[in-house]
Amino acid sequence: MPYTMVDGVDVHYEVQGRGAPLLLLMGLGAAGDMWGPEFLAALAAHFQLIIPDNRGTGATARGSGASSIDRLAADAMHVLDAE
């Protein structure tokens, strides 16, 4: 299970498939495992899927401070840099 550290929080993400990278962001307050397995399998046949857990969901801790779209975007950028 890959993680990347962002502002003292280990942000968890999964990588599936091969091909051009495709970042899948779930809505605020939801984990990456909310994507359906059939949907992921169809995309993974053509793309390398990068699927992070938002803060406070899945295997990613909440951390301190309020959640915001800006914070989640920064987390996503760190995940992409890690890959």
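Figure legend. Inter-residue proximity from region 12-27: first residues closer than 10 Å to residue 44 by Cβ, second residues open to solvent by 50 Å² or more (accessible area, probe 1.4 Å) and of a type in the set (D, E, K, R), beta-carbon distance below 9 Å, spacing 6+ or different chains. Indicated pairs: 15/83. Once region 9-32 is narrowed to residues that are of a type outside the set (A, V, I, L, M, F, W, C) and over 14 Å from residue 56 (Cβ atoms), the residue that is least open to solvent (accessible area, probe 1.4 Å) is 13. List every residue pair whose Cβ atoms sit under 6 Å apart, with the two residues 6 or more apart in sequence or on different chains, where the first one lies in region 51-69 and is over 24 Å from residue 16 (Cα atoms) and the second, anywhere, is outside any loop (DSSP other than H, G, I, E, B). Within 6 Å, the pairs are 63/9.
Given the criteria under 13 Å from the mean Cα position of the chain (by Cα), open to solvent by 40 Å² or more (accessible area, probe 1.4 Å) and modelled with pLDDT of 95 or more, does residue 1 qualify?
Numbers: under 13 Å from the mean Cα position of the chain (by Cα): yes; open to solvent by 40 Å² or more (accessible area, probe 1.4 Å): yes; modelled with pLDDT of 95 or more: no.
Judged against the criteria, residue 1 is not a match.
For region 16-35, name all the residues that are over 9 Å from the mean Cα position of the chain (by Cα) and within 23 Å of residue 69 (Cα to Cα). Hits for region 16-35 are 21, 22, 27, 28, 29, 30, 33, 34, 35.
For region 64-82, which residues satisfy the criterion of being assigned to a loop (DSSP other than H, G, I, E, B) and open to solvent by 80 Å² or more (accessible area, probe 1.4 Å)?
Result: 64, single match.
Being at negative phi, open to solvent by 50 Å² or more (accessible area, probe 1.4 Å) and part of a helix (DSSP H, G or I) is a condition met by no residue of region 43-56.
The values are calculated or read from the model by the stated rules, or taken from the named source; none is laboratory data. These numbers were taken from a predicted model, which means no experiment stands behind them. Every residue, glycine as well, gets a Cβ built from its backbone with ideal geometry; the counts of neighbours run over all protein chains shown. Accessible surface is based on the protein model in full, side chains and every heavy atom, while ligands, DNA and RNA are left aside. Shrake-Rupley method; radii C 1.70, N 1.55, O 1.52, S 1.80 Å.
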